[in-house]
Amino acid sequence: MHEETVASSSAGAPEPAGQGPSGAEDYVQPRLGSGIAAKAASAVTAAVEPVVIRKVSRRRVLAVLGAAGAGAAAVGTGVLGREKSAQALGTGARGTPATVSKNPARRTAQWAMVLDLRRCDGCKGCTMACQQRHYLHADQTWIKVYKMTSSGGQTYHMPRPCMMCEDPPCMYVCPVGATFRNDEGIVLVDQSVCIGCRTCMAACPYEARYFNWSTPKPAPRMPGMPQSPEWPVPQVLGTVGKCVWCADRLPHGELPACVQGCPMGVIYIGDLVSDVAVNSFGDVIRIDEFIKKNDAVRFKEELGTNPRVWYVLGHDQSSVG
Amino acid sequence: MTNTEELSDVPELPDVRAASMRPVLKPGRWYWPVVGALVAVVAVGVVAWVTQLHEGLGAAGYNNHAFWAIYIADVVTFIGVSYGGAVVSAILRLTGASWRAPLTRIAEATAVVTVIIGGSFIIPHLGRPERILELIYRPNLSSPIFWDFVAVSTYAFASIVFFFLPLMPDLAMARDRLTAANRPRLARLCGTLSCRWQAKPSQRRRLDGAIGLVAIMVIPLAVSVHSVLSWAFTLTSRPWWHESIWAPYFVVAALYSGIALVIIVVAVMRRIWGLKAFITDRHLVRLGFILAPFGAAYLYLTIADFLPGSYVGENGVANVFAQVLAGRYALWFWLFVFAGLIVPLLIIALPWTRRAPFIVTAAALVVGSLWIKRMVMVVAPANYGRVSGVFGSYHFTWISACVTLAGVAAIPLLLLLVFRVVPILSVTEMEEMAARKEQEAMREGADRALAEIERRHDAGESLDVQVEEAEMTPVGRADA
Ligand code: SF4
Ligand code: SF4
């Protein structure tokens, strides 16, 4: 049980400065609930070009990712090529991401995150954006920013969302199947089913689950948005809640609150099938290439949970500030 | 085990029927006030639980770094002590230890009562107890918790059957006594429950077979319950919970604390209902002898559990062990080691403390300390932040304390109520033992006479031997 491997090591070669924050002035807060950008084609081009980072409208990229079935057909051979790398990504104990379908007609998006810790300054913007959007108490840090110390004694920051494990221990131990994993690899809790036994909290190796120990924060009723596993607002007393990667937004091509709320562009959200991810700056990466090039790691790989989150480890943030 | 030394323990008591019915017919003046007080404690617990339902589990001291705590420790403790009663009775039955006869009823009743209380403690543990039936209609078979539910319910059912089977003949006896004492309603109840028992040899044979079968089944069943209970912890990757030794560790802990509880209950019952003539000090000392090896085994398993993790210093386990052995939980842990293992073992080992009052003290120490042990074992790994390496904490609140005390009070309460209806001693069994002793004595007398004849024959003396006429009616059967 080498629990804190990632926490205490800073393995991975330093990356040239070319990939640093590409200008915070470009950062525009995307508007909530805006429509899906129509020009999918250009985004697709962006996605399959062998460019590591390229500026496009993040909404456009996500739109393609969200309309996954159509997107897969549109991208054609490009996606088939990418699919191999998507499978190669699942380098954990069980090899390939279990849910990437071989059948192109049934292929859906397979969501993934890449967190570039070199950029994270620990401002907790992601945490606050999430708590605001989901009406959470202060201690319900669905995405929590941990202050870590590397073996060299330097400090870096590590946001920890739900890892959306491909083999989620939380789901396996849930006695009533309240925790489930959807077709797109998002692990969710049905709070109308959860009996509140908290076995999932015992099982999650990442401490990503938060119980409602007291009356949840009241939330205004949103017309047309009933409480659901994807939109667990308001939280339900006596049940467990956790990060949902804003599963209500993803199909509409919108960024999760934390991705949007990160002023440093640390968090990339993307799809393993089309192999594209985007951050709050609109930087587009090809996941496979990006994580290989930057020696990205998954947290507690040895536990066999096969997380869908990759970390590019931090280097010397303490000396930067 | 049916040598004369064993049998000499079985008291020859024609009034065993009267004594076993005393709690039913004349429970004593203290009875209702005590029952009332216990009901009050349970009621306070229920009020506390309702408050907790309203305010959330936070009111019981729970938080994100103590997501499992006191109620799970209670579940493990209560279901654990239940094992003692069932297995003491089952093992003593299977090995034919005749001195068990006056103890089995009390032991089996304790098993039933505590497994029911332990099972119910899952209810305050849950955040949404009203959804508990989902375990039946939408179970997830890969969850250890679902299998806990299956195992505990099966075991509870088996222990009720195990309590009920040997009770049937006694209920028939109770029916007759109650009819004589002009208590027709209770008599009718006993009559119904006794399933028309008439002490026919065919009935007797079938009942003996059934008791033997259930006694055999109860042992593996109880082993499985405590193993499955431990797997609720060990099937997570949490440091110190994820230990392969925990299943046998739980089984031994259950036996150890369970036998201790049987000692306490037996001692209390014989005191309050004047059963000293049937349950002697030697019974308690013998139970102490059964307790001791399990204490030794538990001590051994504790060392085996802690040594590898603390020696290797692996991140996680070593952090938790450091806090348990020499950190924030150390006081509680060492209290358990001394009060729950070393002192009781010494009390039983040293000849001058090997007396009933000391044995009962040892048993009380064991039960209390094992609850502390279970608290430490549940809370410490839950407290440990697996990403940050920082420990959280759990604090009792009046709610969690009152709910737990209600569970503790429910044990004597339910036992007092049970023995208001059923005979407290296994009358039939004790009479059988007495009869066997009688036969044994007769056979011995015959043997002696034969030897005398042989001797005289060899010596060429007269063979005119006067064989004493033995009492042929078994003791206590005269009025049957
Ligand atoms: S707390 Fe809810 S989601 Fe978690 S294991 Fe229990 S029932 Fe499942
Ligand atoms: S990180 Fe934890 S809560 Fe999220 S899927 Fe994995 S085990 Fe479940």
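The values are calculated or read from the model by the stated rules, or taken from the named source; none is laboratory data. Note that this is a predicted model, so its numbers are computed, not measured. For neighbour counting, all protein chains shown are included, and Cβ atoms are generated from backbone atoms with ideal geometry for every residue, glycine included. Protein only, heavy atoms only, side chains kept; ligands, DNA and RNA dropped before computing areas. Shrake-Rupley method; radii C 1.70, N 1.55, O 1.52, S 1.80 Å.
Observations
- Test for B:ALA247: is it among the small types (Gly, Ala, Ser) and free of Cβ contacts under 8 Å to residues at least 12 places away in the same chain: no
- Pick from segment A:206-243, criterion charged (D, E, K, R), in contact (Cβ under 8 Å) with a residue 12 or more places away in the chain and not in a strand (DSSP E or B), ranking: nearest to the other protein chains (Cβ to nearest Cβ): A:GLU207
- Filter result for A:GLU301 (of a type in the set (Asp, Glu), open to solvent by 10 Å² or more (accessible area, probe 1.4 Å) and within 14 Å of chain B (Cβ to nearest Cβ)): yes
- Odd one out for A:GLY185 among (1) touching a residue at least 40 places away in the same chain (Cβ under 8 Å); (2) away from chain B (no Cβ under 14 Å); (3) part of a loop (DSSP other than H, G, I, E, B); (4) at negative phi: (4)
- Any hit, segment B:421-434, residues being open to solvent by 20 Å² or more (accessible area, probe 1.4 Å), out of contact with any Lys or Arg (no Cβ under 8 Å at 6 or more places or on another chain) and either of a type in the set (Phe, Trp, Tyr) or within 26 Å of B:THR234 (Cα to Cα) (or both): no
- Within the set B:ALA349, B:ALA406, B:ALA364, the sole residue that is farther than 27 Å from B:TRP32 by Cβ, away from chain A (no Cβ under 14 Å) and of a type in the set (Gly, Ala, Ser) turns out to be B:ALA349.
- Qualifying residue in segment A:141-148 (condition: within 16 Å of ligand 2 (Cβ to nearest atom) and aliphatic (A, V, I, L, M)): yes
- Entry remark, segment B:143-161: residues being within 16 Å of ligand 1 (Cβ to nearest atom) and open to solvent by 40 Å² or more (accessible area, probe 1.4 Å) number 2 in total.
- Segments classed as helices (runs of 4 or more DSSP H), wholly inside segment B:259-351, with at least 3 members that are assigned by TED's automatic domain parsing to the domain that holds B:ILE245 and among the charged types (D, E, K, R): B:281-312
- Of everything listed in (1) more than 15 Å from ligand 2 (Cβ to nearest atom); (2) touching a strand residue (DSSP E or B) at 6+ places or on another chain (Cβ under 9 Å); (3) facing another protein chain (nearest Cβ under 7 Å), the single unmet condition for A:VAL176 is (2).
- Conditions (1) more than 22 Å from B:SER227 (Cβ to Cβ); (2) surrounded by fewer than 18 Cβ atoms within 10 Å (Cβ to Cβ); (3) touching a residue at least 60 places away in the same chain (Cβ under 8 Å); number of the one not met by B:LEU178: (2)
- Within segment B:193-219, residues that are without any contact (Cβ under 8 Å) to a residue 40 or more places away in the chain have Cβ atoms under 8 Å from residues that are open to solvent by less than 40 Å² (accessible area, probe 1.4 Å) and of a type in the set (Lys, Arg) in no pair, counting only partners at least 6 apart in sequence or on another chain.
- Test set (1) away from chain B (no Cβ under 13 Å); (2) of a type outside the set (Asp, Glu); (3) crowded, with 18+ Cβ neighbours inside 10 Å - A:GLY153 fails condition number: (3)
- The set of residues in segment B:53-81 that are at the interface with chain A (Cβ under 10 Å from one of its Cβ atoms) and part of a helix (DSSP H, G or I) comprises B:LEU53, B:HIS54, B:GLU55, B:LEU57, B:GLY58, B:ALA59, B:ALA60, B:ILE72.
- Hits in segment B:107-125 (condition: open to solvent by 10 Å² or more (accessible area, probe 1.4 Å) and within 9 Å of chain A (Cβ to nearest Cβ)): B:ILE122
- Selection within segment B:42-69 - open to solvent by 60 Å² or more (accessible area, probe 1.4 Å) and touching a residue at least 12 places away in the same chain (Cβ under 8 Å): B:VAL44, B:VAL46, B:VAL47, B:TRP49, B:LEU53, B:HIS65
- Only one entry of A:CYS170, A:CYS200, A:CYS194 meets the criterion of being within 10 Å of ligand 1 (Cβ to nearest atom), in a loop (DSSP other than H, G, I, E, B) and more than 15 Å from the chain's Cα centre (by Cα), and that entry is A:CYS194.
- Residue within segment B:133-142 that is small (Gly, Ala, Ser), buried (at least 21 other Cβ atoms within 10 Å of the Cβ) and in the same structural domain as B:ALA222 (by TED's automatic domain parsing) present: no
- Residue match in segment A:269-285 (condition: of a type outside the set (Asp, Glu) and part of a helix (DSSP H, G or I)): no
- In segment B:328-369, the residues that are under 16 Å from B:ALA297 (Cβ atoms), open to solvent by 50 Å² or more (accessible area, probe 1.4 Å) and of a type in the set (Gly, Ala, Ser): B:ALA349
- Positions within segment A:228-249 being surrounded by 17 or more Cβ atoms within 10 Å (Cβ to Cβ) and away from ligand 2 (no atom under 16 Å from the Cβ), in sequence order: A:VAL233, A:PRO234, A:VAL236, A:LEU237, A:GLY238, A:ASP248, A:ARG249
- Taken together, A:GLY224, A:GLY185 contain a single residue that is small (Gly, Ala, Ser), open to solvent by 40 Å² or more (accessible area, probe 1.4 Å) and more than 16 Å from ligand 1 (Cβ to nearest atom), which is A:GLY224.
- Check on B:VAL34, surrounded by fewer than 22 Cβ atoms within 10 Å (Cβ to Cβ), assigned to a helix (DSSP H, G or I) and away from every other protein chain (no Cβ under 14 Å): yes
- Members of segment A:187-211 that are near ligand 2 (Cβ under 9 Å from one of its atoms) and aliphatic (A, V, I, L, M): A:VAL187, A:VAL189, A:MET201, A:ALA203, A:ALA208
- Residues located in segment B:374-419, provided they are charged (D, E, K, R) and out of contact with any helix residue (DSSP H, G or I) (no Cβ under 6 Å at 6 or more places or on another chain): B:ARG386
- Only residues that are among the acidic types (Asp, Glu), within 9 Å of chain A (Cβ to nearest Cβ) and touching a residue at least 60 places away in the same chain (Cβ under 8 Å) were counted in segment B:127-175, giving 1.
- Considering (1) within 20 Å of A:ARG209 (Cβ to Cβ); (2) open to solvent by less than 50 Å² (accessible area, probe 1.4 Å); (3) within 14 Å of chain B (Cβ to nearest Cβ), the lone condition that A:MET148 does not fulfil carries the number (1).
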